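Below is one structure, written out as structure tokens, with a few remarks after it.
Any read-out appearing in this document is the output of simple, stated calculations on the displayed coordinates, not a laboratory observation. Quantities reported herein were computed from a predicted structural model and do not represent experimental measurements. Neighbour counts are summed over all protein chains in view; Cβ atoms, including those assigned to glycine, are modelled from backbone coordinates with ideal geometry.
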Amino acid sequence: MTDALKVIVIAGPNGAGKTTFAREFLPHEADCPVFVNADLIAAGLAPFAPETASAQAGRLMLHELDRHFAARESFAFETTLAGRGYLQHIRAWQAAGYRVKLIFLQLD
């Protein structure tokens with residue numbers, strides 16, 4: 001991994017292919033092996049009904065983002081950007097010297 005700290009935000013609507021894109025792009029093109037994904041966390045918490053664990057998974061995802069930030073590690077995550085909460089995080093990451101890159105996937 002390069003020395004520059006980075007956060008890669010993979011955003012887009014549900015069904016846009018964010019996770020599929022991340023699995024190929026992050027380790028091979030972006031040199032970013034840390035990927036935090038609330039859907040994958042929910043599937044781990046409730047494999048037969050992940051939708052029942054979405055709120056808990058969202059909280060765990062935010063905790064993981066904070067953990068990687070506190071450890072001064074580069075990381076990536078996916079989101080629909082439906083809430084306003086990420087703006088505060090992005091500003092804090094940038095103020096701490098992270099380069100924040102937004103990749104938005106859309107549906108046609």
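Laid out as a table, the results:
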read-out: Residues F25, F77, F104, sorted so that the one with the fewest Cβ neighbours within 10 Å comes first; value: F104, F25, F77
read-out: The chain, helix-only ellipticity at 222 nm - DSSP H runs n ≥ 4, -39,500 (n - 2.57), divided by all residues, nearest 500; value: -13000 deg cm²/dmol
read-out: Order of E64, E29 - criterion: other Cβ atoms within 10 Å of each residue's Cβ, fewest first; value: E29, E64
read-out: Which label in (1) 10, 16, 11, 10, 10, 12, 11, 6, 7, 5, 2; (2) 14, 52, 31, 3; (3) 14, 46, 34, 5, 0 gives the computed P(r) over Cα pairs in 10 Å bins from 0, in percent; value: (3)
read-out: Residue order, fewest to most surrounding Cβ atoms within 10 angstrom, among T79, T20; value: T20, T79
